[in-house]
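See structure below.
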Amino acid sequence: MKKGDIIICAVVFAVALILAVVFFFAKPEGKTLLVKADNKVIYEYPLDVDREITLEHNTAVIKDGSVFMLSADCKNQICVKSGEISKRGECIVCLPNRVILEIR
Amino acid sequence: MSAEQGNSRNKIKRLCIYALLTAVCLIIGYIESLVNFGFIAPGIKIGLANSVACLLIFSRDIKGALLVNIARILLSALLFGSPLSLVFALSGGIISLAAMIILSKCRQFSVIGVSAFGGVLHNMAQCVVGACVIGVGIFYYLPVLMISGVLSGALVGVLSGLILNRMKSENNVQ
Ligand SMILES: [Zn+2]
């Protein structure tokens, strides 16, 4: 282990931490949910109305201003495990189905 | 044995070593794909196969590192992946390898720092590709991907350092 190694690790940690703080605090609560497929917006819903959104391969839920992926037929289930999102710019990605839920 | 014969024998030996290392990479990659860290953020892996690239770079075999890494990426995409995963793996693999080769030329860094930097750039490159494929929202994962990249890269670097030490002492015995 040399001095340079420690510098690399420290710089990366610092940059990541700053990015995380900026991403987290700079974002106000969102107002709408954009549902995108293949990078095109296919639906738009206001966050203040609770509903369930059924897509071809995924089911998303809007509840109390937050959005989460209820179920998906993808193999990795990353989207389902991603949890809730509510802040502007946050998103849940289902890479296998090319679906993205984004808050605006 | 003539010098020419010895030379071609050496070439064959090298080729066999590259083939062997590629096979080792594929097996490590496959075993790793069975363990899923995807619940943290999409695409998180330890990248143990990258230790082979570290070993080759630090044995001053840059050509070998390039050959084995590209063969590994193409073959694992053919065997286990899809065209999309190939684009992800190639972007991450080539950028991180290039960065590691450049950084290994500097004396200030050991294999640990080189590997950690490679890991970070690998994840950042994949993040950029992800943004092109599914949208800029994926940059939300960048901090997590950077930290996981530096940690897993450093881990791979520590492992590679142990193997390199072993290789050096073996060579001294011979
Ligand atoms: Zn999914």
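On the basis of the beta-carbon distance and an R0 of 35 Å, B:TYR30 and A:PHE13 show a calculated FRET efficiency of 0.70. With a 10 Å cut-off around each Cβ of B:142-151, the average count of Cβ atoms from other chains is 5. Of the complete DSSP H runs in chain B, those spanning 18 angstrom or more by Cα along the long axis with a mean Kyte-Doolittle score not below -0.5 are B:3-34, B:62-80, B:83-104, B:111-134, B:142-173. Compute the long axis of helix A:3-25 from its Cα atoms, compare it with the longest principal axis of the Cα atoms of chain A, and write down the angle in degrees, 0 to 90, nearest 10. For helix A:3-25, the angle is close to 30 degrees. Under 23 Å of direct C-alpha separation, and excluding same-chain neighbours fewer than eight residues apart, A:LYS87 reaches these lysines: A:LYS27, A:LYS31, A:LYS36, A:LYS40, A:LYS63.
Of the peptides B:57-64, B:138-145, the ranking by mean beta-carbon count within 10 Å, highest at the top, reads B:138-145, B:57-64.
At a Cβ-Cβ separation cutoff of 4.7 angstrom, cysteine residues of chain A with no neighbouring cysteine are A:CYS9, A:CYS74, A:CYS91.
Here the contact order of chain A, divided by its residue count and restricted to Cα pairs under 8 Å and six or more residues apart, works out to 24 percent.
Quick one: net charge of B:LEU55's neighbours, Cβ under 15 Å, K/R +1, D/E -1? Net of charged neighbours comes to +4.
Values quoted throughout were computed directly from the atomic coordinates according to the rules given, and no laboratory measurement underlies them. For clarity, every value in this text was computed on a predicted model and none was experimentally measured. Glycine gets a Cβ as well: all are built from the backbone with ideal geometry, and neighbour counts include every protein chain shown.
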